[in-house]
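The values are calculated or read from the model by the stated rules, or taken from the named source; none is laboratory data. The model shown is predicted, which means the values in this text are computed figures rather than measured ones. Glycine gets a Cβ as well: all are built from the backbone with ideal geometry, and neighbour counts include every protein chain shown. Heads up: the accessible areas ignore ligands, DNA and RNA and are worked out on the full protein's heavy atoms, side chains in. Shrake-Rupley method; radii C 1.70, N 1.55, O 1.52, S 1.80 Å.
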Amino acid sequence: LNTLRRFLIEAIHPTINSVHILPFYPYSSDDGFSVIDYMAVHPDFGTWEEVRRLGKNFRLMFDAVFNHISAKSAWFQGFLRGEAPYTDYFIHFEAMPPKELIDKVVRPRALPLLTEFDTANGKRFVWTTFSDDQVDLNYANPEVLLEMVKVLLFYIEQGATLIRLDAIAFLWKELGTSCIHLEQTHLVIQLMRDVLDAVAPYALLITETNVPHKENISYFGDGNNEAQMVYQFPLPPLVLHTLHTGDATHLSNWATGLERISDTTTFFNFTASHDGIGLRPVSGILSDKDIEALVILAQEHGGRVSYRSAEGGHPSPYELNISYFDAITHPNITEKNSNLAVQRFIMSQAIALAVVGVPGIYFHSLFGSRNYYDGVAQTGHNRSINREKLKLDALIAEINTPDSIRAKVYSAYKRLLDVRTAERAFHPLGQQRVLDVGDGVFAIERTAPDGERILALHHVRGEKEEVALGNVCGAWRDLLSDKVYEASQTRLKITLEPYQILWLKPTSN
């Protein structure tokens, strides 16, 4: 934590002012997402004092890994020993339930839903949605719910101002149902929102629900009673599809349909994270053929594909495990021939910065990290390909080497961020309108509450292309290059370079 703080202050602050610290609690697997003790800091990382110190310079997001807890935790070990109150902290059965009931449960991974454990009271089949080391909690037990509210409040006391509700869609289980997005899950989120509104109204809830768009935005509730932000899960695969095909049609059509929910909610935009590139969110947006093309693309670029159990227990591609840089451009790119690849990657990131919402930038994307094959070999888990632990001195040396990919990505990314944060038109609660500039360009108009405008053009092809914007008057300055473009009458013609980004602002402003 001290090393992280030092690096962030030296290299990122104040360009980025908020940090999501991935789970820093004692854990037994899944890089922190199998929590042994919710109220402790892993001793290898530091102490709560180091967390609070980091919070003096940055807004902090903590993970609330509330769906499940480690099988090595004191709670589950107490359950195995038959000790109160833990005997009812987990969902368990004396005999395996009927297959037809289990098959109704929506599965995020192609693993058994129930894991058999020996307990003091005999064999029990215990609910384990994600792995046999991640045991689901029983929220039908009020004591469990109260314990987790205590944890939530403890995180606020330690300086968290954003709470990421990990895998929250699976929180409530009821055999005979899909066990996803159940009404009780939404009620629990509403309770958390009420609690935070009462004691910490500055704190925000962010739901992580890797599901189709309509299901995802249900976690806004009525716009005032659930999450203030939801992860914009369709964005990573849509941007990847757009760059793969050189056609922004699907991305533009999807963005056209984005609706403002309320004055207190917005989207959390990202292209990469510690997890993979989810495919379920583009169900109904991309065709099965388009999705299969992304699967093939990831494999050709050295990535992996993770599967889930679909209806009837059949495996279905769930996510692509690959660094976003290598997903965008074939990993045979070297430092010497990387300029176009870097521009292509930065353009993909500019889209996430320009669309309405709050941008969330994965650490590895900020420096153009590549596929980490050693990690997969070491852990046996596909997600390790994008979870490399970097050495501070080596990273600093690379970003200070001008010709390195890391340095090129880092400097270009910082330029985008500096421009973005200076412009009111990119406000998360501003307006967005998709522009028709041809299928080779993803173009949007962003408008601030005070009327300030920016035309954001993102060229998704690798060759020059002339485009024209109608109903545009006067002179427009590109905020990234300072070049000025003059409209002729009410038409602005521009020749776009391969993967060029233009963020145009009227010179009169």
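The table below lists the values:
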read-out	value
Separation of alpha-carbon centers, region 1-19 and region 391-445, rounded to whole Å	18
Calculated FRET value between Ala468 and Thr421, using beta carbons and R₀ = 35 Å, to 0.05	0.70
GluC sites (Glu not before Pro) restricted to DSSP loop in region 420-509 with at most 13 other C-beta within 10 Å	Glu463
Considering only the chain, percent of DSSP beta bridges that pair antiparallel, nearest 5	70
Distance violations [Cα-Cα > 28 Å] among Lys173/Lys289; Lys336/Lys389; Lys389/Lys505	Lys173/Lys289; Lys389/Lys505
Near-label residues of region 3-27 by backbone N, under 13 Å of a point 7 Å along Cα→Cβ of Lys391	none
Within region 120-205, chymotrypsin sites (Phe, Trp or Tyr not before Pro) in DSSP loop having at most 15 other beta-carbon neighbours inside 10 Å	Tyr202
R0 of 35 Å, Cβ-Cβ distance Thr495-Asn332: FRET efficiency to nearest 0.05	0.75
Å² per residue, accessible surface of the chain at 1.4 Å	41
Amide proton proximity set for Leu204, modelled H, under 5 Å, gap of 5+	Leu162, Ile163
Carbon and sulfur %, accessible surface of region 203-247 computed with the full protein complex present, 1.4 Å	53
Chain lengthening between Leu146 and Ser18 when straightened (0.36 nm per residue, less Cα-Cα)	43.2 nm
Cleavage-rule hits, GluC sites (Glu not before Pro), region 234-306, DSSP coil, Cβ neighbours within 10 Å at most 12	Glu259
